[in-house]
1. If a residue must be assigned to a loop (DSSP other than H, G, I, E, B) and over 16 Å from R49 (Cβ atoms), how many such residues does region 9-22 contain?
2. Step by step: first the residues of region 1-52, then only those that are of a type in the set (S, T, N, Q) and closer than 17 Å to G67 by Cα, then the one that is surrounded by the most Cβ atoms within 10 Å (Cβ to Cβ). Which residue is that?
Amino acid sequence: MSIDLDTGERLVLRSPQDALYALVSDWPVNGGVHQQRAIDFCRAWLAGRMPAETVRQAFILAALEAGVTINDDEDGAEAAVVNPPV
């Protein structure tokens, strides 16, 4: 998965650890509910308490909340949310 930052840079995310870095360091809009949930889920994954797919879905919701373009694969196709966490 990758995201397109408002600077025009594309940031490739290979793990929930990469997603956590993006959420706390590169996120264009701070303080969103989904952003905080995704941060919490990334940290839970690091502690072995959260499956990576759940973290991925939370990250996608945070990106949608912030207006960040997300790309699901190498050809730049946008990602879809499947069964978003409640």
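The values are calculated or read from the model by the stated rules, or taken from the named source; none is laboratory data. Everything quoted here is computed from the prediction, not taken from an experiment. FYI the Cβ positions are ideal-geometry reconstructions off the backbone, even for glycines, and counts take in every protein chain you see.
1. Initial filter on region 9-22 (assigned to a loop (DSSP other than H, G, I, E, B)): 9, 13-15.
Of the ones still in play, those that are also over 16 Å from R49 (Cβ atoms) are 9, 13-14.
Adding up the residues that qualify gives 3.
2. Looking only at region 1-52, we keep the residues that are of a type in the set (S, T, N, Q), and these are 2, 7, 15, 17, 25, 30, 35-36.
If we keep only those that are closer than 17 Å to G67 by Cα as well, we get 2, 7, 25, 30, 35-36.
Details: S2: 19, T7: 9, S25: 8, N30: 10, Q35: 22, Q36: 14.
Per the criteria, the residue is Q35.
Yes/no matrix, rows are residues, columns are (1) at pLDDT 95 or above; (2) assigned to a helix (DSSP H, G or I):
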{"residue": "T7", "(1), (2)": "no, no"}
{"residue": "N30", "(1), (2)": "no, no"}
{"residue": "I39", "(1), (2)": "yes, yes"}
{"residue": "A44", "(1), (2)": "yes, yes"}
{"residue": "G48", "(1), (2)": "yes, no"}
{"residue": "V55", "(1), (2)": "yes, yes"}
{"residue": "F59", "(1), (2)": "yes, yes"}
{"residue": "E65", "(1), (2)": "yes, yes"}
